[in-house]
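Notes for the one structure printed next.
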Amino acid sequence: MEAAVEKVNSLRLSKDSKYLVAGTSWGYRVYTLRPTKLILKKEVPNGVKLVIPCPNERIITYLEDKSTEEGKEKTGERLVIYDHSNEGEELYHLKFSKKVIDVKYINFTLIVVQEHIVKIIKFSDFKNPKVIETAENPYGAVGINRYLETDKDDVKHLQLIACPGTESDADVFVTDIENDTRYSFFPGYATNKYVVTALELNSSGSLLAAATTEGKSIDIFDVQNMAKLYSLSRGRFPKHIDFLSFQQYDRELIVSAIDGAVHLFSLLTEKEIQDQEEGSTMLTAAFKLAFTTTSGVKFRVNNEQSEIDSDSDNRYISC
């Protein structure tokens, strides 16, 4: 009898890019990159669907795989926060009756994305998550601004989150997690029956990038003024855009689709927008990955962090 093959479901880098965490059908493993060395491993009976290092290689958040067991599908999913320090212990776990599409981490806060809601869960208060209602969100499109948490200045950073809006609310909205200041956008996605597939905010939260099932372009918005600045065209034929990432101090945007096509755009300053000639392009580079997956591939290499993640059950990867 052949041994079961271990399947990799999720790969993520730590914020400082020193550690790689792999979630598999067996459990998860933590590696150092220089030199490459296995330093931690944990078996999880049902395997791991998503894995998130937060805030370092010692505290791991993972989502147990929702699979079949003895012919019966398990109901609900379990998100576990585990501390590997000393003897290792489970700090907390959360149960969800409905499917979890994505989980993000920023500044000791988990962003749990489900089809109609987003839950904001702070490590300081696991029992009282903040719930944000969204439109139907089958692709788990949620963007957050990833400011430098190591900043030593006295500047207060806003923690913003972008979500698909409800029909009566907005096509897309951005809200401050702390004080509920809300910015709404109406680019006509709902009118054209398009569904948002990817969202991302730049590090300061001043720009929002959005892609939909239209699949040909990416819209760039000014958050504070709630205005569309311009659109980036990625091609004549529609593709499922599933990942957006601001790079290089917010001067570039990486766009990837589930067929493996990756586009890199240079973004415009306000003066460049005014001086832009009709028909000019901001496309810097375009290439196709040497491999494709049924779920798609996403890359993130922000100046704040680097992330490469792959999830065979969902259409996403990010760290």
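The values are calculated or read from the model by the stated rules, or taken from the named source; none is laboratory data. Everything numeric here is computed off the predicted structure, so don't read it as measured data. Reconstructed Cβ throughout: ideal geometry from the backbone, glycine too, with neighbour counts over all protein chains shown.
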Filtered residue count, the range 162-180, keeping only those that are of a type outside the set (A, V, I, L, M, F, W, C), touching a strand residue (DSSP E or B) at 6+ places or on another chain (Cβ under 8 Å) and closer than 20 Å to L110 by Cα: 3
Filtered residues of the range 99-146 (kept if aliphatic (A, V, I, L, M), part of a loop (DSSP other than H, G, I, E, B) and within 14 Å of the chain's Cα centre (by Cα)): V100, I101, A141, V142
Unmet requirement for I218, which otherwise passes all of (1) part of a strand (DSSP E or B); (2) touching a Phe, Trp or Tyr at 6+ places or on another chain (Cβ under 6 Å): (2)
Qualifying positions in the range 64-87 - outside any loop (DSSP other than H, G, I, E, B) and either aliphatic (A, V, I, L, M) or modelled with pLDDT of 70 or more (or both): E64, E77, R78, L79, V80, I81, Y82, D83
In the range 182-203, residue modelled with the highest pLDDT [restricted to those that are surrounded by 16 or more Cβ atoms within 10 Å (Cβ to Cβ) and hydroxyl-bearing (S, T, Y)]: T197
Candidate set: the range 115-128, residues that are closer than 16 Å to E178 by Cβ and free of Cβ contacts under 8 Å to residues at least 24 places away in the same chain; chosen: the one surrounded by the most Cβ atoms within 10 Å (Cβ to Cβ): K119
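One line per residue, one yes/no per condition, for (1) farther than 20 Å from A141 by Cα; (2) of a type outside the set (G, A, S); (3) surrounded by 13 or more Cβ atoms within 10 Å (Cβ to Cβ); (4) modelled with pLDDT of 85 or more:
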residue: K216; (1), (2), (3), (4): no, yes, yes, yes
residue: D219; (1), (2), (3), (4): no, yes, yes, yes
residue: R234; (1), (2), (3), (4): no, yes, yes, yes
residue: F237; (1), (2), (3), (4): yes, yes, no, yes
residue: L244; (1), (2), (3), (4): no, yes, yes, yes
residue: G260; (1), (2), (3), (4): no, no, yes, no
residue: S266; (1), (2), (3), (4): yes, no, yes, yes
residue: E270; (1), (2), (3), (4): yes, yes, no, no
Selection within the range 1-42 - over 16 Å from R58 (Cβ atoms) and more than 25 Å from the chain's Cα centre (by Cα): M1, E2, A3, A4, V5, R34, P35, T36
Hits in the range 12-43 (condition: assigned to a loop (DSSP other than H, G, I, E, B) and free of Cβ contacts under 8 Å to residues at least 24 places away in the same chain): W26, R34, P35
Residue check for T191: part of a loop (DSSP other than H, G, I, E, B) and of a type in the set (V, I, T): yes
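Give the range 159-182 a look and list any residue that's part of a strand (DSSP E or B) and farther than 23 Å from E214 by Cα, or say none.
Answer for the range 159-182, where residues must be part of a strand (DSSP E or B) and farther than 23 Å from E214 by Cα: L160, T175, D176, R182.
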T292 vs. criteria assigned to a loop (DSSP other than H, G, I, E, B), within 30 Å of S25 (Cα to Cα) and at pLDDT below 90: yes
Single match in N9, N56, N46 (criterion: closer than 18 Å to G88 by Cα and either at pLDDT below 90 or of a type in the set (A, V, I, L, M, F, W, C) (or both)): N56
